[in-house]
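Contents: one structure, followed by commentary.
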Amino acid sequence: MKKIAVIGAGTMGNGIAHVFAQHGYAVNLIDTQSAALEKALQTIAKNLDRQVAKGVINAEDKQKTLDLITCFTDLKDGVQDRDLVIEAATENSKIKLAIFSEIDQYTHADCILASNTSSISITQLADATKKPGNVIGMHFMNPVPVMKLVEIINGKSTTTAVTDSIVALTTAIGKIPCVVKDAPGFIANRILMPMINEAVLAFEEGISDAATIDQIMKLGMAHPMGPLQLADYIGLDVCKNILEIMEDGFQNSKYKPAALLSKMVAEGKLGVKSGAGFYEYNK
């Protein structure tokens with residue numbers, strides 16, 4: 001399995017492409033927007049420059065990595081000869097279902113179809129294809145080049161052979177695979193998002209300010225980053241979407257997004273990417 005396609009050139013997509021290419025895999029990076037692809041290549045180059053500056057790689061390694069990434073705006077052209085396609089599009093079930101239905105038509109029978117979704121049902125995505133046994137979740141963590149974990153999610157029909165293959169591949173790119181069953185939010189976000197939501201509620205109720213809430217979790221619970229700052233980095237819109245998916249999936253109001261979180265998203269305060277969330281950022 002040496003030929004990879006990544007759909008979506010955003011933060012997660014370009015990070016996934018970076019990691020695979022750096023480990024010698026030929027990567028087709030696909031996005032409908034040429035500008036997004038150009039930005040992705042610039043981001044990858046900057047991240048590689050940081051690795052060169054730290055002595056992790058040399059200039060030749062950087063160029064080899066960039067040479068292994070080919071950009072496409074046409075989905076069919078980008079996926080048709082690939083062994084593995086990783087979807088890293090917007091965290092929206094309708095968009096992802098449409099993508100899976102389409103890539104199923106363009107890929108060969110043995111191609112593995114993976115999603116980087118952080119909360120949407122893998123079984124549901126698999127049902128949009130004619131090869132549900134080949135569909136699996138590969139939930140990378142942000143920033144992808146730095147974070148070691150990949151949450152591997154088995155759908156109802158995912159075959160053991162596909163799981164074993166993806167676990168081995170994940171290890172080969174220097175990541176640590178953790179295999180879980182399909183459920184709303186899986187493990188990572190099922191635990192993380194309610195914590196973030198509770199932190200937002202505590203802030204909303206005026207129990208303390210954002211910096212103090214984050215400091216308590218960093219110093220008292222040994223978290224490297226407090227929940228409100230982490231929410232800013234994830235994107236408040238993403239946090240809201242995941243909570244809504246979990247609320248709907250479990251039919252349980254305990255996952256309902258805090259009113260303040262919904263208000264901030266409506267106002268365009270999405271965290272780091274918008275320049276403001278629970279903290280202010282220089283865009």
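The values are calculated or read from the model by the stated rules, or taken from the named source; none is laboratory data. In this text, all values refer to a predicted model and were calculated from it rather than measured experimentally. For neighbour counting, all protein chains shown are included, and Cβ atoms are generated from backbone atoms with ideal geometry for every residue, glycine included.
Of all residues in the range 10-56, those being of a type outside the set (S, T, N, Q) and touching a residue at least 60 places away in the same chain (Cβ under 8 Å) number 10.
Determine which member of the set Lys62, Lys54 is surrounded by 18 or more Cβ atoms within 10 Å (Cβ to Cβ) and either more than 18 Å from Met12 (Cβ to Cβ) or outside the structural domain of Ala98 (by TED's automatic domain parsing) (or both).
On the way: Lys54 fails: surrounded by 18 or more Cβ atoms within 10 Å (Cβ to Cβ).
Just one listed residue meets the conditions, Lys62.
Mind checking which residues of the range 163-189 are in contact with a helix residue (DSSP H, G or I) (Cβ under 8 Å, 6 or more places away or on another chain), among the β-branched types (Val, Ile, Thr) and without any contact (Cβ under 8 Å) to a residue 40 or more places away in the chain? Lay out the reasoning, then the answer.
To start, the set of residues in the range 163-189 that are in contact with a helix residue (DSSP H, G or I) (Cβ under 8 Å, 6 or more places away or on another chain) comprises 173-177, 179, 182-185, 189.
Going one step further and asking which of them are among the β-branched types (Val, Ile, Thr), we end up with 173, 176, 179.
Scanning the range 163-189 gives Ile176, Val179.
Would it be correct to say that Thr117 is among the hydroxyl-bearing types (Ser, Thr, Tyr), buried (at least 22 other Cβ atoms within 10 Å of the Cβ), out of contact with any Pro (no Cβ under 8 Å at 6 or more places or on another chain) and farther than 20 Å from Met12 by Cβ? Spelling it out, it is not the case that Thr117 is among the hydroxyl-bearing types (Ser, Thr, Tyr), buried (at least 22 other Cβ atoms within 10 Å of the Cβ), out of contact with any Pro (no Cβ under 8 Å at 6 or more places or on another chain) and farther than 20 Å from Met12 by Cβ. Taking into account only those residues within the range 199-211 that are free of Cβ contacts under 8 Å to residues at least 24 places away in the same chain and of a type outside the set (A, V, I, L, M), which is surrounded by the fewest Cβ atoms within 10 Å (Cβ to Cβ)? So the residue we want is Gly206. Thr65 - would you say it is of a type in the set (Val, Ile, Thr), at pLDDT below 95 and either under 21 Å from Ile122 (Cα atoms) or more than 19 Å from the chain's Cα centre (by Cα) (or both)? No: the conditions fail for Thr65. Scanning the range 139-161 finds no residues that are within 20 Å of Gln80 (Cβ to Cβ) and either crowded, with 18+ Cβ neighbours inside 10 Å or not β-branched (Val, Ile, Thr) (or both). Candidates are the residues of the range 1-57 that are of a type in the set (D, E, K, R) and more than 15 Å from Thr170 (Cα to Cα); the one that is farthest from the chain's Cα centre (by Cα) is Lys54.
Looking at Met147, Met138, can you tell me which residue is out of contact with any Ser or Thr (no Cβ under 9 Å at 6 or more places or on another chain), closer than 24 Å to Met225 by Cα and hydrophobic (A, V, I, L, M, F, W, C)?
Numbers: Met138 fails: out of contact with any Ser or Thr (no Cβ under 9 Å at 6 or more places or on another chain).
Unique residue meeting the criteria: Met147.
Flag: Ala36 does not match the condition of being more than 19 Å from Asp104 (Cβ to Cβ), in contact with a strand residue (DSSP E or B) (Cβ under 8 Å, 6 or more places away or on another chain), outside any loop (DSSP other than H, G, I, E, B) and assigned by TED's automatic domain parsing to the domain that holds Gln105.
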